[in-house]
Amino acid sequence: MDEKYRRAVDAAAIFSETDLAGSITYVNDQFCSLSGYSRKELLGKNHRILSSGLHPAGFFQGMWLAITQGKIWRGEICNRAKDGTLYWVDSTMVPLLDERTGQVQKYVSIRFDVSEKRQLLHTLQWRVGHDVLTGLPNRAYLSELLIQSLEFSRSEDIPLAVCMLDLDGFKAVNDGYGHACGDLLLVEVASRLREIIRGEDVVARLAGDEFVLILRYVRDADELNAALLRILKSISEPYSIQGLEINVFASIGVTLFPSDDEDADTLLRHADQAMYVAKQSGRNRFQLFDVSLEQEVKATHQTVEQVRQALAAGELCLHYHPKVNLRCGTVVGFEALLRWQHPVRGLVFPGDFLPLIEQTDLIVDVGEWVMDQALAQMHQWQGAGHSWSVSVNIAARHFQRADFVDRLQQLLAQHPEVAPQMLDLEIAESVAIDNIQRVTHHLEACQALGVQFSLDDFGTGYSSLSYLKRLPTQTIKIDKSFVRDILHDKDDLALTQAVIGLARAFGREVIAEGLETLEHGQLLMRMGCEVAQGYFFARPMPAAEVPGWVDGFSLSSATGSQV
């Protein structure tokens, strides 16, 4: 290289020349200054003398392949100085070719020190992934660490505990001694957590006084319990902050993989839920997440959504169960019973899905759909010359809504051809006595519209005579659990007789549920109950089958199909 160009390069960059064997033939002063080696120590040596050991073998193989083919190579290399310190250089390797032969004669390298840039980048990257106050991984970096730990645990079939830790009493420290004191306390808590966990475990700070621990290789429950007790003990030791003795404790929620086999975000949420249970249970303790309870909740949510879709798709339907006057053998009405015509499972009975939706607002939509269908069906039957009333069961959540009466009035207005007296709403005894004042108000308001009411499952609740007097229902239904055994259980017989007597004393009609044999019917008539429903007459049937069944029904032909 021309001497004047070399001086220019020497002034601007770190420069060296290498022969075809890779031995150093020239270095400038900047090269010597940065590497810490003298020119004499470097000349004749291979560049491997500067190797940091941080680059994989393939890194340099690719570099040599490029320059031996006469190509220019560019990249950043980490070198190790004579005193052991590391430095980064942005390097451009240029093969010099013989003008006559076109063969490579030697290699020159022009470098620039980028260590400061690299350090700044590392600092920025560290700040992105770490909490500045405690130096622990922050929420963003924790997510990455948890995903990696979870993938490893899955591939190696190794248990993993995810723990959410929240300090008890931290707010009092901030309020009483100031946020500066609170920050120093958080630093000390982080230090204690770092000291107590193993090297393969992780501790991170989410925000405020919330920390997360990832405990790997948890072999059994005893080992996990022992680790958590050590953490609680360490956190509860007194702190000396700014000359003050401060005491705080911790509540820890824990979920354990693989029994809780979910993704990283869900595991954190489960640990958080368990932590709140620990706080509510008295604090300074740990609580393991209840996976079985979560599965039940998830199953409930899935069922609710499936029923919601079934309602929209027209998969719900009503079957009708006849009510018969035992003395004259005539059909006096029907009870509408909900069914789900599932496209895969077939006909699904209400006991398999109604209990799961009764505590959600979906029960209101379903209840109104049932009343609307019952009113429409009565209108259709009336057009064919049949005047059968229909009773509909109303759930507690639905009936106790403040707008129940207004919504019912709107439904009745949509079916003006059907007399409101033909609709009988059945409410369970337990619902009626749960909020007697509101229930009574709704009953009276609905009856003012003409709608009838029955008190269902009577005898299974805890109502007193005063409740019975205050509830203005027209009909009392004796629960089938009593009727079923009246032939051979003296207690059930006495209870059934007492209910019939009460109904008659208060001027109420009475219906017996669960009639299974002719003998049951005969005994009920002798006690004064003349209307019943049960499998002795028929099973609940689709609306299309009702007229034909009624035409062919008589008490003498009833066969009583058993369950």
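In whole Hz and in residue order, list the ³J(HN,Hα) couplings for region 397-407 that follow from phi through the Karplus curve 6.51 cos²θ - 1.76 cosθ + 1.60, θ = phi - 60°; x for Gly and Pro.
Computed from phi, the couplings for region 397-407 are 4, 6, 5, 8, 5, 5, 9, 4, 5, 5, 5 Hz.
Order of 187-197, 251-261, 376-386 by packing, highest average Cβ count within 10 Å first?
251-261, 187-197, 376-386
Count neighbours as other Cβ atoms within 10 Å of each site's Cβ, and list the chymotrypsin sites (Phe, Trp or Tyr not before Pro) in region 169-263 that are DSSP loop with at most 15 such neighbours.
TYR217
Quick one: what are the phi-derived ³J(HN,Hα) couplings along region 64-78, Karplus 6.51/-1.76/1.60 with θ = phi - 60°, whole Hz, x for glycine and proline?
Working through the residues one at a time gives 5, 4, 5, 6, 5, 8, x, 9, 7, 10, 10, x, 9, 10, 9 Hz.
Take the alpha-carbon positions of region 332-410, form their convex hull, and give its projected area averaged over all directions (one quarter of the hull surface) in nm².
6.5 nm²
In the neighborhood of ILE77, defined by Cβ-to-Cβ distances under 13 Å, what is the net charge if each Lys or Arg adds +1 and each Asp or Glu adds -1?
Taking every Cβ under 13 Å from that of ILE77, the sum is +2.
Could you put TYR37, TYR320 in order, starting from the residue whose Cβ has the fewest other Cβ atoms within 10 Å?
TYR37, TYR320
For the chain, what is the relative contact order in percent, using Cα pairs closer than 8 Å and at least 6 residues apart in sequence?
8 percent
So how do VAL344, VAL418 line up by other beta-carbon neighbours within 10 Å, fewest first?
Ascending Cβ contact count within 10 Å gives the list VAL344, VAL418.
Any idea what angle helix 362-383 forms with the longest principal axis of the chain, computed on alpha-carbon atoms, 0 to 90 degrees, nearest 10?
Tilt of helix 362-383: around 40 degrees.
Taking Rh as the Kirkwood radius computed over C-alpha pairs, what is the Stokes-Einstein D of the chain at 25 °C in a medium of viscosity 0.890 mPa s, expressed in µm² per second?
Rounded, D is 77 µm²/s.
Per-residue HN-Hα couplings for region 105-118, Karplus 6.51 cos²θ - 1.76 cosθ + 1.60 at θ = phi - 60°, whole Hz, x for Gly and Pro?
Once rounded to whole Hz, the list reads 9, 6, 10, 10, 10, 10, 10, 10, 6, 10, 4, 5, 5, 5.
Assuming R0 = 60 Å, what is the FRET efficiency of PHE152 and ARG526, from their Cβ-Cβ distance, to the nearest 0.05?
Efficiency computed from Cβ-Cβ geometry: 0.20.
The numbers here are math on the coordinates, done by the rules we state, and not lab data. The structure presented is a predicted model; accordingly, all values stated were derived computationally and were not measured. Reconstructed Cβ throughout: ideal geometry from the backbone, glycine too, with neighbour counts over all protein chains shown.
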